[in-house]
Amino acid sequence: MRAASKLISSTHPSLHLSHPTPDSFTWNTLIRAHTRSVARPSLSVYLRMRLHAVLPDLRTFPFLLQSFASPSNLQSGKRTHAHILRSGFASDAFVQTSLINMYSTCGCLDSAHQVFGEIPLPDLPSWNSIISANVKSGFVGVARHMFDEMPQRNVISWSCMIDGYVRSGDCKEALALFRDMQLLEVEEVRPNEYTMSSVLSACGRLGALEHGKWVHAYIDKCGMEVDVVLGTSLIDMYAKCGSVERARQVFTELGWKKDVMAWSAMISGLAMHGHGKECLDLFSRMQDQWVRPNAVTFLAVLCACVHAGLVSKGMEYFEMMREEFGITPTIQHYGSIVDLYGRAGLIEKAWDVVKSMPMKPDVLIWGALLSGSRMHGDVEMCEFSIKQLIELEPNNSGAYVLLSNVYAKMGRWEDVRYVRDLMEAKGIRKVPGCSMVEVGGILHEFFVGDESHPETREIYQMLEEIMKKLKLAGYVGNTREVLLDLDEEGKELALSLHSEKLAIAFSFIKTRPGTPIRIVKNLRICVDCHVAIKLISRVFNREIVVRDCNRFHHFRYGLCSCKDYW
Ligand code: ZN
Ligand code: ZN
């Protein structure tokens, strides 16, 4: 009771310590205070309140419901729901919205829908809650349907929907929706920091630098303060769009506001661009400024070591993380170590790490082991890890394709055909290589062998010209990675149709000589394209930046920033 009295005196001056029994206000305050406490859940406070014969009021239940924040609280949530029905507050809009939120955070979307369905005239917050509930459960289509249907929308509705598209990976739709939102020019739907964070994340994932720059300018134009959250989103966006310079600039401008997330974003940005040394320097600067690194920071640091091939340094950091900072490594950290050893050709050591891990290896671990053994021609380990991958994800087309690639490399055409037949029998389709390039603020997508672009004829003509010049400069197609069992000439043709080459040909038509070209590719860049693009950068004197699914490649003067290590 003393705690309650203290709370009253500090939060509500009109209530006096001498009150004989605390009223519902006091109890509500207590419940709220226990919302985030695991040791003394607010439900027990509520039950004590009832024991003292104090009746709940309108604010009691929303506070209480907020405290049920995980599926393990579902039973308590249901119990509370029953109390609400009995106490006659079930028709209150605030209570209903809180119920929808509770069911969605406890992972019970059906019940959330049921509560929503029972509201005769849902208000804006209830609509927003049910949309958010669907977004969180991954039902973006349902959310969109409801979004289109709701009678009125505010900035929360729009932001939630945009965020939903980003989460589900449909970043183009996120940007399209943001554009619609802006066209409204209504005060209630003016984008806020939360909206902009999602939009920046969409630009980053797409690698759409022009879009990202425009969003940054928009933030400035609206007079939004670039706080540490928005600043971190900007750093992340610029790094993922291939502009380390701009990321650095935002990072510097944040000044003293930088927290561990901002530092980690910058370190991670430098890592993905292969600036290993600068990345590690920044890491020690961070510690000089008394910012304590967390698990995310270490992941970025390990990633830098992987891309720079710094094996012993990487191990040092791994130890430092555990021993000096007491951070328990997650499977992602182990994945980095496997990657670190694998890429350096220390397959045995990588395998030892996999065996010593306290958790079951997942797709990432096998993938890391696979790329290492593949890079260094360890066929046995390759085959083994691919089979593990297929076991974990029987519908992962990438794994089958890799397996057939491995067989193709060894000329085991019978096995190649077997894998192909297996894929066909299981109805698994290969994920086609796809490259995206942003020209004049528009994103153009090219698939391997694509002929759907309106300017296909010109693109192929340009591609032919480029290849002709490359051959004069000594280029020979590297046909080792072509998985089709074609003859040599056919293989070379198949290579020249890889999506990044089409995207480059298109950019040659659309941009002035000397303009840098930025491409985002969904799969790992193949050896042949890597050789060809290096040569293109020299012969045509163009800077070309390719972001593949692993890292960035900055091609300039016939060389790549990855030093052929990717
Ligand atoms: Zn290629
Ligand atoms: Zn490279």
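A few remarks follow.
- Stokes-Einstein D (µm²/s) once Rh is taken as the Kirkwood radius of the range 223-303 over alpha-carbon pairs, at 20 °C in 1.002 mPa s: 174 µm²/s
- Fraction of the pair-distance distribution of the range 330-431 above 19 Å, Cα-Cα pairs, percent: 41 percent
- Qualifying GluC sites (Glu not before Pro) in the range 199-281, DSSP loop, other Cβ atoms within 10 Å at most 10: Glu225
- Hull volume per residue, based on the alpha-carbon atoms of the range 108-238 and their convex hull, is 104 Å³.
- Partner lysines for Lys468 [C-alpha distance under 25 Å; skip if fewer than 8 residues away on the same chain]: Lys491, Lys501, Lys510, Lys521, Lys534
- The charge dipole of the range 22-118, taken about its Cα centre with unit charges on the Cβ atoms of Lys, Arg (+1), Asp and Glu (-1) only, comes to about 360 debye.
- Each 10 Å bin from 0 upward holds the following percent of the Cα-Cα pairs of the range 435-560: 13, 48, 35, 4, 0.
- Chain lengthening between Val363 and Met150 when straightened (0.36 nm per residue, less Cα-Cα): 72.7 nm
- Relative contact order of the chain: 6 percent, from C-alpha pairs under 8 Å at least 6 residues apart in sequence.
- Taking N as the residue count of the range 22-118, its C-alpha radius of gyration divided by 2.2 N^0.38 Å amounts to 0.99.
- Straight-line cross-link partners of Lys136 among the lysines, defined as a Cα under 26 Å from its Cα and at least 8 positions apart when in the same chain: Lys78, Lys172, Lys240.
- Legend: translational diffusion of the chain by Stokes-Einstein, Rh = Kirkwood radius over C-alpha pairs, 37 °C, 0.692 mPa s; D = 121 µm²/s.
- Solvent accessible area, Å² - Glu465, 1.4 Å probe, full protein context: 110 Å²
- Of Ser397, Ser201, Thr515, farthest towards positive along the dipole that unit charges on Lys, Arg, Asp, Glu beta carbons give the chain: Ser201
- Evaluated over the range 330-431, the count of Lys pairs having alpha-carbon atoms less than 21 Å apart is 8 (only pairs 8 or more residues apart or interchain).
- Over the chain, accessible surface divided per residue gives 49 Å², non-protein components excluded, 1.4 Å probe.
The values are calculated or read from the model by the stated rules, or taken from the named source; none is laboratory data. Owing to the predicted nature of the structure, the values given are computational and were not obtained by experimental measurement. All Cβ positions, glycine included, derive from the backbone under ideal geometry; neighbour counts span all protein chains shown. Quick note on the areas: whole protein, heavy atoms, side chains included, nothing else; ligands and nucleic acids left out. Shrake-Rupley method; radii C 1.70, N 1.55, O 1.52, S 1.80 Å.
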